[in-house]
Amino acid sequence: MQRCDWCLKDPIYIKYHDTEWGVPVHDDNKIFEFLILEGAQAGLSWLTILKRREGYRKAFADFDPAKVARFTPEQIADLLQNKAIIRNKLKVASAVSNARVFLDIQTKFGSFDQYAWQFVDGRPKVNTYTSVDQIPATSKESDAFSKDLKQRGFKFVGSTIIYAHMQATGMVNDHLVSCFRHQEVKKL
């Protein structure tokens, strides 16, 4: 069974690749989870974040944006002592402020899902790359999505982070065509 090259380094990566990466996500809490995790990943490896995912789930109220939006300065200070997550002051603070903006977007659009998927016209963009070297770090869609999020007040949502988010949540199918998941995800 052939997989994308990037996931072959670790069993955690393989499981994530085989079961989650590229699968379209329409649940707002799951989308919020990926936004927070992608922001935390900035400057680090995705494997580092995947290994701490359970810690993030506990620390960030199972990624319930309404609960995270109400975190107090004391709760934020406690998070900065939590060894189960990346203890970067800016990243932790942005998760809380991003939760507040996330809720605003939900109110304005009916759901964050409705808002996010408009950047790909409501359906996954299916790419046909044959090599990892062909996969871009950004796209015109991630540029537009990132710009709009920033204008609304989001932090840690540069175009590269948002492109990774789009890959993770299935807005973009970047499985290599030789990968067994390319066709499986395409059918979802």
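For region 174-184, which residues satisfy the criterion of being assigned to a helix (DSSP H, G or I) and open to solvent by 10 Å² or more (accessible area, probe 1.4 Å)?
Of all residues in region 174-184, those assigned to a helix (DSSP H, G or I) come to 180-184.
Once the filter is applied, which keeps residues that are assigned to a helix (DSSP H, G or I) and open to solvent by 10 Å² or more (accessible area, probe 1.4 Å), region 174-184 yields F180, R181, Q183, E184.
From the list F112, F145, the one residue that fits, being among the aromatic types (F, W, Y), within 15 Å of F102 (Cβ to Cβ) and free of Cβ contacts under 8 Å to residues at least 40 places away in the same chain, is F145.
Residues that are open to solvent by 50 Å² or more (accessible area, probe 1.4 Å) number at least 2 in the following helices (runs of 4 or more DSSP H) confined to region 1-118: 11-19, 28-41, 53-59, 73-79, 89-109.
Scanning region 129-159 for residues that are open to solvent by 80 Å² or more (accessible area, probe 1.4 Å) and either among the acidic types (D, E) or under 15 Å from the mean Cα position of the chain (by Cα) (or both) yields D133, K155.
Does R152 meet the test of being among the basic types (K, R) and either at pLDDT below 95 or out of contact with any helix residue (DSSP H, G or I) (no Cβ under 6 Å at 6 or more places or on another chain) (or both)? In short, no.
Against the test of being on the phi > 0 side of the Ramachandran plot and among the acidic types (D, E), the options D78, D133, D143, D121 yield a single qualifying residue, D121.
Among residues of region 11-33 that are closer than 13 Å to A99 by Cα and at pLDDT 95 or above, those with a beta-carbon under 7 Å from a residue that is among the acidic types (D, E) and open to solvent by less than 50 Å² (accessible area, probe 1.4 Å) at least six positions away or on a different chain give the pairs D28/D113; N29/D64; I31/D113. Among residues of region 151-173 that are part of a loop (DSSP other than H, G, I, E, B), those with a beta-carbon under 6 Å from a residue that is of a type in the set (S, T, Y) at least six positions away or on a different chain give the pairs K155/S94; F156/S94; V157/S146; G158/S146.
Filtering A168, A137, A164 for residues that are closer than 18 Å to D28 by Cβ, in contact with a helix residue (DSSP H, G or I) (Cβ under 6 Å, 6 or more places away or on another chain) and of a type in the set (G, A, S) leaves a single hit, A168.
The values are calculated or read from the model by the stated rules, or taken from the named source; none is laboratory data. All figures in this text were calculated on a predicted structure; none of them were measured in a lab. We place every Cβ from the backbone using ideal geometry, glycine too, and count neighbours over all the protein chains shown. Heavy atoms of the whole protein, side chains included, go into the accessibility calculation; ligands, DNA and RNA do not. Shrake-Rupley method; radii C 1.70, N 1.55, O 1.52, S 1.80 Å.
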